[in-house]
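A quick write-up on the structure given underneath.
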Amino acid sequence: MRSKFLSVVAVGALLASANALAQEYPAANKTITFVLPYAAGGPTDKAARDLAQSMSKAMGGHSIVIDNAAGASGSIGANKVAKASPDGYTLLFTHIAQATLSSFFRTLPYNVEKDFEYLGLVSENPMNLIGRPSLPSNNMAELVSWINANKGKINIANAGPGSASHLCGMLFQSTLKVDMTSVPYKGTAPAMTDLIGGQVDLMCDQTTTTIPQIEGKKVKSFAVTTSSRLSSPVLKDMPTMQEAGLKDFNVTIWQGLYAPKGTPAAVLKKLNDALKTAVKDPEFIRKQDAGGASVINDARNDPAGHKSFVMSEVTKWAPIIKSAGVYAD
Ligand code: MLT
């Protein structure tokens, strides 16, 4: 009887402290951190910084900082948030890896379905196959001939198994029935440096970071991965993979925000309200548009729509990844 009374008191105390946390959230003296599981300067980093700026504005100028916890294909940063205190001050900003890593890793230290609160998706991002500037090919037909003439000698950079660049590169190889040497980095920003320097041959990356490099003639561009051409002035004349003869090739990735499981509902609501204000911010929309990305403005901005979409992506990618037989430990 006494222990039942004590547990009722303990639950009451927990609820009271959760309510107090929610009421004062975000506390003026506490910074919100977006944990970013890839290197600084890459496309995920760029999207997170754009969102942080617009969400901060929506939260009365509250400070939001980025923590680049890169490594192990993005699983180190995701695990850091899965294990963080569920108080709304440590959040995960990540992309399609949230749906693909569980198929690539034999074991992951967190559970994608159970260890996170889903806060909303913010953007969809097309990808772009690019190459080192010294490649002899200038279009997709010449590139395919060069690849076929150099089988076994070609390498392709990516941000680790399950990353967006890896998925796209994996589909490119399986469609051409060619194996290339995969060169993993902590993100596509350091990979881009090596591509520009000619240390690696090819990479698929998000258009938000390829566009400036194509404009500056630092890399060669061969195709976009969407089913129709993009409207970006830099890429509007770039063929799609399908136009270039790679049947059914279609990769678009997405970016979203997560909190640790158990974050109080009132805190989640404040964060979701700020996210929904941010995706309507003309400045956020302009920045995504300039990078060829589109801002999501549908049911996936809400926790339930976000979660059911990610779970459908887990189901969609699992057989594709398993059939490729690529695993990470
Ligand atoms: C990826 O390929 O998954 C991303 O480009 C990662 C990153 O933002 O560096």
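Expressed in nm², what is the orientationally averaged projection area of the convex hull enclosing the Cα positions of region 182-329?
About 11.4 nm², averaged over all directions.
Quick one: which residues, 5+ away or cross-chain, put their amide H under 5 Å from the amide H of S123? H built at 1.01 Å from N.
Counting only residues 5 or more places away or on other chains, the set is Q255, I296.
Given a 1.4 angstrom probe, I'd like the percentage of the accessible area of region 126-224 that is carbon and sulfur, rounded to a whole number.
For region 126-224, the apolar C and S fraction of the accessible surface comes to 52 percent.
Hey, what did region 56-109 get for relative contact order, percent, Cα under 8 Å, at least 6 apart?
Worked out over region 56-109, it gives 25 percent.
Between E142 and S228, what is the label-to-label distance in nm when each label sits 7 Å out along the Cα-to-Cβ direction?
Calculated label separation equals 3.0 nm.
Given H placed 1.01 Å from N in the peptide plane, which residues other than close sequence neighbours of A223 have an amide H under 5 Å from its amide H?
The answer is L129.
Going Cα to Cα from K153, which aspartates and glutamates come in below 12 Å? Please leave out same-chain ones fewer than 8 positions away.
D179, D201
How high is the relative contact order of region 126-224, in percent, with contacts defined as C-alpha pairs under 8 Å that are six or more residues apart?
It comes to 49 percent, rounded to a whole number.
Which parts of region 96-131 would a label at K83 reach, counting a residue when its backbone N lies under 12 Å from a point 7 Å out along Cα-to-Cβ?
109-110
Using only the heavy atoms of the protein chains and a 1.4 Å probe, how would I96, I214 rank by accessible area, largest first? Working shown, then result.
Details: I96 0, I214 30 Å².
Highest to lowest solvent-accessible surface, that is I214, I96.
To the nearest 10 square angstrom, how much accessible area does R286 have with a 1.4 angstrom probe?
Accessible area of R286: about 130 Å².
In whole Å, what is the distance between the alpha-carbon centres of region 191-239 and region 112-132?
A separation of 18 Å, based on Cα centres.
Once the whole set of protein chains is in place, how much accessible area is left on I285, using a 1.4 Å probe, in Å² to the nearest 10?
Here the residue's solvent-accessible area equals roughly 70 Å².
Which one, T188, L143, N128, projects farthest toward the positive side of the charge dipole computed for region 126-224 from Cβ point charges (K/R +1, D/E -1)?
Value: L143.
Between the alpha-carbon centers of region 270-327 and region 73-91, tell me the distance in whole angstrom.
Here the two parts' Cα centres lie 18 Å apart.
So if a site counts as exposed when it's one of the GluC sites (Glu not before Pro), its DSSP state isn't H, G, I, E or B, and it has at most 16 other Cβ atoms within 10 Å, what's the longest stretch of the chain without one?
Longest stretch, sites excluded: 114-242.
What residues have an amide H closer than 5 Å to that of E117, excluding those fewer than 5 places away on the same chain, when H is modeled at 1.01 Å from N in the peptide plane?
A259, K261
Between A266 and E24, what length comes free when the chain is fully extended (0.36 nm per residue of separation minus the Cα-Cα distance, one decimal in nm)? Don't skip to the answer; put the middle values down first.
On the way: separation 242, 0.36 × 242 = 87.12 nm, distance 1.04 nm.
Stretched out fully, the A266 to E24 stretch lengthens by 86.1 nm.
Write down the accessible area per residue of region 126-224 in Å², having rolled a 1.4 Å probe over the full set of protein chains. Don't skip to the end; give the middle numbers.
Numbers: 3620 Å² over 99 residues.
The answer is 37 Å² per residue.
Using the Cα centre as the reference, give the magnitude of the dipole from point charges on the C-beta atoms of region 126-224 (Lys, Arg: +1; Asp, Glu: -1; all else neutral), rounded to the nearest 20 debye.
Values: 8 positive and 6 negative charges, 22 e Å.
Result for region 126-224 is approximately 100 debye, rounded to the nearest 20.
Quick one, could you list the DSSP H helices from the chain stretching 27 Å or more along their long axis (Cα atoms) with average Kyte-Doolittle hydropathy of -0.5 or above?
2-24, 303-324
Quick one: length gained pulling K217 to S323 fully straight, 0.36 nm per residue minus the C-alpha distance?
34.5 nm
With the radius of gyration and the Kirkwood radius both derived from the Cα set of the chain, what is their ratio Rg to Rh? Let's see the in-between values first.
Numbers: Rg = 21.1 Å, Rh = 20.6 Å.
Answer for the chain: 1.02.
So which trypsin sites (Lys or Arg not before Pro) in region 173-248 are both in a DSSP loop and have at most 13 other Cβ atoms within 10 Å of their Cβ?
Taking region 173-248 and a limit of 13 other Cβ atoms within 10 Å, the loop trypsin sites (Lys or Arg not before Pro) found are K177, K217, K236, K247.
The values are calculated or read from the model by the stated rules, or taken from the named source; none is laboratory data. Everything quoted here is computed from the prediction, not taken from an experiment. Note: ideal-geometry Cβ built from the backbone for every residue, glycine included; neighbour counts use all protein chains shown. Ligands, DNA and RNA are excluded from the accessible area calculation, which covers all protein heavy atoms including side chains. Shrake-Rupley method; radii C 1.70, N 1.55, O 1.52, S 1.80 Å.
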